[in-house]
Amino acid sequence: MNRYLIKNAKIVNEGVIFEGDVLVENDLIVEVSDNISLKSSDCMIIDAEGNYLLPGVIDDQVHFREPGLTHKGDIESESRAAVAGGVTSFIEQPNTVPNAVTQEILEEKYQIAAEKSFANYSFMMGATNDNLEEVLKTNPKNVAGIKIFLGSSTGNMLVDNEAVLEKIFSCTSMLIAVHCEDEMTIKNNLEKFKEEYGEDVPVTAHHLIRSEEACYLSSSKAIALAKKTGARLHVFHLSTAKEMELFTNKIPLEDKKITAEVCVHHLWFTNDDYEKKGNLIKWNPAVKTENDRKVLWEALNDGRIDVVATDHAPHTLEEKKQKYLQAPSGGPLVQHSLVAMFEAHHQGKISIEKIVEKMCHNPAKIFKIEKRGFIKEGYYADLVVINSGLPWSVKKENILAKCGWSPFEGYTFKSRITHTFVNGKLVYTGFKVKDIRAGQRLLFDR
């Protein structure tokens, strides 16, 4: 029997922090109590020494690049980075090569993950202008949702046929996740900058090309369509203050039909960082202004934004070092998202209880993930121990993403993850990932 007793932890769960112990047997949490007494001969005892014990982070938006783009990253390498970062479950996007737009291609990704993944996994079905029939075959019990790109990004899967969009929104009861940027606005903005700079447009223009207006136009259209059709809509990686007026905190999360996500990079960086970081912080949607960041934090804390994720999307350093117009958008974040949010806690921006709500509880609720996202008896033992006072610096040699770089390189975080459990197996300890591919396919209670 696989049995662990985690002692003396500050357990963070459902808005409360309490000191206690957690007993894990095989892949489940079997007891959560103030004090559990067992001999070391009966189980492996881990003394958490007053550190925080959290449910494993559920990252609802990653790009792990397999199949077809594996020079940038793959399911094995990126899920290894994930568990080192306290991310025990991920939902991966369909813009791999080939795009996951048929049930067969989608299922092939699950087969790869079943062999290779250190973390639990699900993959979104991709929608296009002409695959409605395939989209409607998607099984709501074992696929996270449907992904629609309303603005072109890496691996162009743009859906711009309004009749098709309305059909998808009308015909599926599954969660629809959207990337919202208005294509025509971006094209017009880009032309203006090209007229001024030719092919040498600076990266400092990125947030003006992929602008506030481009984001707001697209997300407001998607929300109007969801309200018209009754679709279950989840809006990915919001980046502007203006978009926050589209979301509400007046109803409980369980009753929301329209939910919102923000990514770590939009909470951390601003357009002032382009000068120093360049293409390393080129994302779609773009990192915006200081005011946008401020309002995103306000919306996260007051409940208009429901989830914090990463949009982890690695590219090689060589690709990123190209001129702005050629360099792809996206970057690796999954190893550092939780410690970055703890850094924000140290800065007084968010409570630890709220971090757990936004990164663990709410993704589980929004996607209706079975028995994950909480520290509860009978739930899967996806658990993370984090020491909030153990500084460490991000360096090339401790970056686990295959691309080998991070926008946080050189930064010293105050908090460090010491243990990660996936399905009751200790996959990360002693600051090393063990060679245990413990990931399981996520299932959904719907």
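Just a few scattered comments:
- The slack in the chain from residue 353 to residue 370, taken as 0.36 nm per residue of separation less the alpha-carbon distance, amounts to 4.0 nm.
- Degrees separating the helix 103-116 axis from the principal Cα axis of the chain, which is the longest one: 40 degrees
- If the segment from residue 429 to residue 441 were pulled out straight at 0.36 nm per residue, it would be longer than the present Cα-Cα gap by 2.0 nm.
- Computed log10 I(q)/I(0) for the chain at 0.10, 0.11, 0.14 Å⁻¹: -0.66, -0.80, -1.34, from the Debye equation with unit scatterers placed on every C-alpha and solvent omitted.
- If R0 is 25 Å, the Cβ-Cβ spacing of residue 221 and residue 272 corresponds to a FRET efficiency of close to 0.25.
- Coupling constants for region 129-144 follow from the phi torsions by the Karplus curve (6.51 cos²θ - 1.76 cosθ + 1.60, θ = phi - 60°), and in residue order they are 5, 9, 10, 3, 4, 5, 4, 6, 7, 5, 7, x, 7, 9, 10, 5 Hz; glycine and proline get x.
- Measuring how big region 17-151 is from its alpha-carbon positions, Rg and Dmax come out at 19.0, 61 Å.
- Of all DSSP beta bridges confined to the chain, the antiparallel ones make up roughly 50%.
- Here the spin labels are modelled as points 7 Å beyond Cα on the Cα-Cβ line, and at residue 377 and residue 26 they lie 1.7 nm apart.
- If only the Cβ of Lys and Arg carry +1 and only the Cβ of Asp and Glu carry -1, the dipole of the chain around its Cα centre is close to 400 debye.
- With every protein chain in place and a 1.4 angstrom probe, the accessible-area ranking of 400, 208, 53, largest first, reads 208, 400, 53.
- Relative contact order (%) - region 172-316, alpha-carbon pairs under 8 angstrom, separation at least six: 27 percent
- With the biggest extent put first, the Cα atoms of region 306-446 measure 51, 36, 35 Å across the principal axes.
- Stretch gain in nm, segment residue 107-residue 49, where the contour uses 0.36 nm per residue and the Cα spacing is subtracted: 16.6 nm
- Computed packing ranks the peptides 260-273, 429-442, 10-23 as 260-273, 10-23, 429-442, most packed first, by mean other Cβ atoms within 10 Å.
- FRET efficiency, residue 317 to residue 158 (Cβ-Cβ, R0 25 Å, nearest 0.05): 0.35
- On Cα atoms only, tilt of 183-197 relative to the major axis of the chain in degrees: 70 degrees
- Extending 7 Å from the Cα toward the beta-carbon at both residue 411 and residue 195 defines two label points whose distance is 3.7 nm.
- Between helix 162-171 and the chain: long-axis angle, C-alpha atoms, 0 to 90°, nearest 10: 30 degrees
- Long pairs among 7/395; 276/396; 320/396; 10/414; 256/365, criterion Cα-Cα beyond 20 Å: 7/395
- Averaged per residue, region 363-446 has 40 square angstrom of accessible surface, using a 1.4 angstrom probe with ligands and nucleic acids left out.
- At 0.692 mPa s and 37 °C, Stokes diffusion of region 223-280 via Kirkwood alpha-carbon radius, µm² per second: 244 µm²/s
- Proximal aspartates and glutamates relative to residue 192, as straight alpha-carbon distance under 17 Å, when same-chain residues fewer than 8 apart are discounted: 182, 183, 200, 212, 213
- Accessible surface of region 337-441, 1.4 Å probe, proportion on carbon and sulfur as whole %: 48 percent
- Gyration tensor over alpha-carbon atoms, region 337-401, equivalent ellipsoid semi-axes in Å: 25, 16, 11
- Scattering curve values for region 253-374, log₁₀ I(q)/I(0), Debye with Cα scatterers, q = 0.14, 0.15, 0.17 Å⁻¹: -0.65, -0.73, -0.91
- Under a Gaussian network description of the chain, with springs only between Cα atoms under 10 Å, the residue in 255, 160, 74 that fluctuates furthest is 255.
- Convex hull volume of region 316-371 per residue (C-alpha atoms, cubic angstrom): 147 Å³
- Rolling a 1.4 angstrom probe over the protein heavy atoms with all chains in place gives region 129-274 an accessible area of 42 Å² per residue.
- Under the shape rule built on the C-alpha gyration tensor, where the axes satisfy a ≥ b ≥ c, region 99-219 is prolate, since a/c reaches at least 1.5 and a/b is greater than b/c.
The values are calculated or read from the model by the stated rules, or taken from the named source; none is laboratory data. The structure displayed is predicted, hence computed values, not measured ones. Reconstructed Cβ throughout: ideal geometry from the backbone, glycine too, with neighbour counts over all protein chains shown. SASA here: full protein model, heavy atoms, side chains in, ligands and nucleic acids out. Shrake-Rupley method; radii C 1.70, N 1.55, O 1.52, S 1.80 Å.
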